[in-house]
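Inspection log for the structure reproduced underneath, given as structure tokens.
No lab work stands behind these numbers, since they all come straight from the coordinates. This one's a predicted model, so the numbers in the text were calculated from it and none came from an experiment. No Cβ is skipped: glycine too gets one built from the backbone with ideal geometry, and neighbour counts run over all protein chains shown.
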Amino acid sequence: MDFCTLLYRSGQGWSVPLPAHLDSEQTLLLAFGNSRVSDDPKPIHELLRAFPRAVFMGCSTAGQISGVQIFDDELSVAVLRFRHSTLRAASSALLNAGHSREAGQALARQLIASGAPRAILVFSTGVGVNGSELVAGINAITKGDVIVTGGLAGDGDRFQHTWVIDEGEPREARVTAVGLYGDKLEIAFGSGGGWDIFGPERRITRSTANVLHELDGKPALALYKSYLGDRAAGLPATALLFPLALRENTLDERRLVRTVLAVDESDQSMVFAGDVPEGSLVQLMRANFERLIEGAGAAALQTRAPRHAAGPVFALAVSCVGRRLVLRERAEEEVEMVSRALPEGSALIGFYSYGEFAPRGVGTCDLHNQTMTITTITER
């Protein structure tokens, strides 16, 4: 497998000439940029002209990762040409958040129709979507036999307009995926958090899918605001600093993290990136800088298991916007930790997201929030 990464800077152009010699039907082109790219898609069109046969995927972000740096205005691009593997793209319209499961099923059916993929990379619009239902739809078709990773597109801390690349254009209200097929593929994944849990554990007494109405019989938003204090004026963005840890019951030792996407003052409810099932238990979380950075490195180390390739790999990093807002100027430290944990000569790009897709160790894919997830790809 051949791979390279490059950047497009507005007013300066490409960091290196576009490697058009890598174009083929076995080439995967990934591009991540800010939400404004959809207003001026010139670099997207230049990529299309240089790589007319490639499978083209990507999305808007809350920051682009390239190597050990984080950018806001540049377009971060990776080109992967496979030698022994094949690719297939799939996409589906996303009518509204309630359509998320059906959209996930539609994606998976398109990809399974071409055979059994070794892995699926998923990129979805980041607003107007229920990430839990989206991956549940995919899991219902793949039955846990396929590695599924990816993430929800971002829009900085604005939560307004997100896009994904679909048929060569940045489009809203879509979900996309690429299936990777071939017995020479080596795919590994990892995820890490690093948040501290604090405060009392509360029960969700009323919710609908990803909308939280009541905790312990009290309006959820009012209770949440009491913890935020003066920061409540900055909702929903400030909620990224205090995500919720969710578990099914007191016997469940595994927790999922849930991030707020929107709030409704009229009924005092909160909209999350994934499901918050009624009867579940939740606790507030807050940042521990050192543990966040260490968690990113741990995610990359999970991909270094002996069964996986020891040589250079392509690595896709998807981290949560909340981590970046908390870490601020230290955000590049978590990217550096990932880079140091990868094999020498590896390429690293990615983005800050509104939700991350990856299995929890083994099994089917889950929606994560506030994590760093790593997917590594190579061929034997």
Fill in the blank from the handout: Going through (1) free of Cβ contacts under 8 Å to residues at least 60 places away in the same chain; (2) in a strand (DSSP E or B); (3) of a type in the set (Gly, Ala, Ser) one by one, GLY199 fails only at (1)
Practice task
Could you grab me the full set of residues in the stretch 104-162 that are of a type in the set (Lys, Arg) and either touching a His at 6+ places or on another chain (Cβ under 8 Å) or closer than 30 Å to ASP73 by Cβ (or both)?
Solution key: ARG158
Fill in the blank from the handout: Residue count, the stretch 316-373, condition within 13 Å of the chain's Cα centre (by Cα) and part of a helix (DSSP H, G or I), comes to 3
Practice task
Can you work out which of the residues in the stretch 16-44 that are under 30 Å from ARG380 (Cβ atoms) and among the small types (Gly, Ala, Ser) is surrounded by the most Cβ atoms within 10 Å (Cβ to Cβ)?
Solution key: ALA31
Exercise for the section: Select, from LEU47, LEU80, the only residue that is outside any loop (DSSP other than H, G, I, E, B), crowded, with 22+ Cβ neighbours inside 10 Å and touching a Phe, Trp or Tyr at 6+ places or on another chain (Cβ under 6 Å). Expected result: LEU80
Handout entry: All positions within the stretch 156-188 that are on the phi > 0 side of the Ramachandran plot and either assigned to a strand (DSSP E or B) or of a type in the set (A, V, I, L, M, F, W, C) (or both)
Key = PHE159, ALA173
Fill in the blank from the handout: By residue number, the members of the stretch 139-155 that are surrounded by 20 or more Cβ atoms within 10 Å (Cβ to Cβ) and assigned to a loop (DSSP other than H, G, I, E, B) are VAL146, ALA153, GLY154
Practice task
Residues being closer than 25 Å to GLY58 by Cβ and small (Gly, Ala, Ser): count how many of those fall in the stretch 177-218.
Solution key: 7
Practice task
Please name all residue pairs, on different chains or six or more residues apart, with Cβ atoms under 6 Å, provided the first residue is in the stretch 1-15 and is more than 17 Å from SER35 (Cα to Cα) and in contact (Cβ under 8 Å) with a residue 24 or more places away in the chain and the second residue is among the acidic types (Asp, Glu) and in a strand (DSSP E or B).
Solution key: MET1/GLU379
